[in-house]
1. Looking at the range 353-407 only, could you name the residues that are polar (S, T, N, Q) and either more than 23 Å from Val515 (Cβ to Cβ) or surrounded by fewer than 19 Cβ atoms within 10 Å (Cβ to Cβ) (or both)?
2. Looking at Asp354, Asp363, which one is in a loop (DSSP other than H, G, I, E, B) and of a type in the set (Asp, Glu)?
3. As an exercise: evaluate Ala468 against (1) more than 26 Å from the chain's Cα centre (by Cα); (2) touching a residue at least 12 places away in the same chain (Cβ under 8 Å) and give the number of the one condition it does not meet.
4. Which of the numbered conditions does Leu533 fail, given that it passes all the others? Conditions: (1) touching a strand residue (DSSP E or B) at 6+ places or on another chain (Cβ under 6 Å); (2) assigned to a helix (DSSP H, G or I).
5. What's the number of the only condition in (1) within 20 Å of Arg269 (Cβ to Cβ); (2) of a type in the set (Lys, Arg); (3) assigned to a helix (DSSP H, G or I) that Arg396 fails to meet?
6. In the range 472-489, is there at least one residue being basic (Lys, Arg) and not in a loop (DSSP other than H, G, I, E, B)?
7. Of the residues Ala532, Ala560, which is closer than 16 Å to Ile492 by Cβ and not assigned by TED's automatic domain parsing to the domain that holds Arg68?
Amino acid sequence: MAARIEDYALIGDLQTAALVGRDGSIDWLCLPRFDSAACFAALLGDEDNGHWRLAPAGTGPGTPCTRRAYLEDSLVLETLWETPSGTAKVTDFMPQRDRAPDVVRIVEGVSGSVEMLGVLRLRFDYGSVVPWIRRTDGHRVAVAGPDSTWLRSEPPVKTYGRDFSTRSEFTVSAGDSVAFVLTWHPSHQPRPALVDPHESLRHSLEDWREWAGRCSYRGPHREAVVRSLITLKALTYAPTGGIAAAATTSLPEEIGGVRNWDYRYCWLRDSTLTLGALLSAGYADEAAAWRSWLLRAAAGDPADLQVMYGLAGERRLPETELPWLPGYEGSAPVRLGNSAVKQLQLDVYGEVMDSLHVARRWDLPAKPHEWKLQRSLMAYIEEHWREPDEGIWEIRSPRRHFVHSKVMAWVAADRAVRALEADPELSGDAEGWRAMRDKVHHEVCERGFDTERGTFTQSYGSRELDAAALLIPRVGFLPPDDPRVTGTVDAIRRELDHGGLVRRYSSDGKPMDGVPGNEGAFLACSFWLAEALHMTGRTKEAHELFERLLSLRNDVGLLAEEYDPGAGRHLGNFPQAFSHIGLVNTALALFPPQD
């Protein structure tokens with residue numbers, strides 16, 4: 001059985017990523033991209049679905065290491081094992097890619113002597129395909145269909161096959177070092193050039209130190225901010241600049257439940273918050289790459305704008321299920337793709353307009369046809385903002401008039417008007433956009449506000465609440481000191497409370513989203529609450545909530561999508577970009593840089 005979600009650490013090469021457990025087992029790795037088929041899928045099944053464990057002999061699966069940590073500000077993971085006979089450490093990383101992805105694992109003796117055992121069980125196509133294994137020039141070569149991997153060690157370590165796995169047994173004493181390199185390539189192509197594991201380690205550390213050193217934030221909690229920024233960088237697909245929402249699919253929002261989704265894609269609604277986080281922290285190049293990805297993805301007929309795209313902007317992400325995988329702790333089904341890609345979510349038009357507004361405000365150089373795209377998006381949202389939609393939470397039930405969707409339609413019009421006011425060389429329907437902005441504002445305040453309870457509701461005429469309403473002061477729809485804002489913040493704190501954190505929306509055991517079951521507290525929404533408390537003058541409470549959220553990070557500083565306060569464990573896909581974006585933006589708001 002897989003470890004707890006929070007027991008994993010992340011390594012990656014800016015094109016894919018692996019999850020390494022406290023017991024030294026890599027239980028998840030998709031090759032060659034984040035959204036490719038997994039060759040290690042024990043995370044969603046068991047060891048027979050593929051894993052690679054490297055630990056002291058006799059410790060057994062699930063036995064935790066003594067301690068572990070990332071080396072400085074990097075994505076290089078160091079795991080320490082203290083045994084009765086001695087101490088060893090394992091350094092895991094993926095070098096930034098030249099031609100092919102490599103997983104490097106370096107075992108070093110620290111003191112005494114330690115017998116080590118490596119068990120490599122490759123299973124291509126999400127744990128369903130057992131490859132053919134052969135020896136070639138000192139390598140163990142695995143081939144099945146389009147996939148091929150090469151395993152080698154330096155110095156050579158004897159390997160043998162057992163139970164459809166490749167095993168290695170060796171001893172390291174103080175000063176000894178054994179390096180393993182697993183390299184993937186398409187089976188129809190020649191093996192790529194070999195990498196030097198120790199040289200790759202040196203370069204990886206240098207690259208990450210240089211990148212982290214560019215962070216301009218010098219305020220409190222800088223360590224947490226930098227770790228979250230490194231995580232966002234690690235989830236970036238370098239060839240295109242797209243940022244995956246998470247490295248995994250189908251990690252459950254409820255243990256044993258069916259709320260299991262594929263998050264290895266890029267969501268448009270993450271764009272504004274992502275751009276703000278990157279630009280505020282000094283990462284203009286990454287922000288520009290993400291903005292370029294956004295412009296390419298959104299190009300075309302505005303009626304066809306999707307809520308998410310593939311890593312390179314792919315549009316077809318059909319949802320399927322993998323019946324041979326039992327799911328994380330029996331949470332089935334395991335899903336690939338995401339049918340929410342077909343939904344109408346009107347808020348994304350506001351998010352794209354706001355993203356380009358943020359880019360313009362931070363003086364990112366304008367792109368050709370950027371304003372033309374924005375005008376076409378405005379033409380569409382002007383015509384369709386009155387329609388019901390599936391909303392920010394991608395409900396799988398009948399459409400509604402969601403308040404957040406309407407607020408973001410207001411944002412679209414507001415940012416369009418601001419662009420014209422700031423740049424007289426731009427052309428557009430200023431009067432029409434101002435009129436739309438006023439109409440949307442009036443309608444939301446009339447139909448989306450519950451005067452009896454003093455709060456904005458989730459949708460017109462409903463009594464349900466939605467944590468997305470916490471963004472109302474952030475986007476400028478109403479000022480923070482407006483009684484309707486403070487009332488909404490108070491109501492959400494009261495009615496969406498989940499162990500001191502925040503649920504996304506009201507449920508009361510009757511899910512409004514068309515999916516059975518419940519879920520944990522949504523971490524991004526909890527960060528939104530901290531920022532909203534700060535904006536409404538309750539800074540002490542905001543600081544307390546922020547500190548609580550920081551304490552939920554695992555031992556290497558990572559956050560999943562959700563948290564179960566009762567069970568004290570992480571839920572949902574991991575690590576989650578939205579959670580780390582929330583951490584960065586909230587830290588910047590609550591603890592501005594010191595002069």
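1. Ser355, Gln374, Ser376, Ser397
2. None of the other options fit; the residue is Asp363.
3. Only one criterion is unmet by Ala468, namely (1).
4. Of everything listed in (1) touching a strand residue (DSSP E or B) at 6+ places or on another chain (Cβ under 6 Å); (2) assigned to a helix (DSSP H, G or I), Leu533 misses just condition (1).
5. (3)
6. Taking every residue of the range 472-489 in turn, at least one turns out to be basic (Lys, Arg) and not in a loop (DSSP other than H, G, I, E, B).
7. None of the others qualify; the one that does is Ala532.
For (1) surrounded by 18 or more Cβ atoms within 10 Å (Cβ to Cβ); (2) closer than 25 Å to Glu6 by Cα; (3) at pLDDT 95 or above, each residue gets a yes or a no:
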site	(1), (2), (3)
Tyr70	yes, yes, yes
Val76	yes, yes, yes
Gly161	no, no, no
Glu169	no, no, yes
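The values are calculated or read from the model by the stated rules, or taken from the named source; none is laboratory data. Model, not experiment: these values are computed from the prediction. Virtual Cβ from ideal backbone geometry, glycine too; neighbours counted across all protein chains shown.
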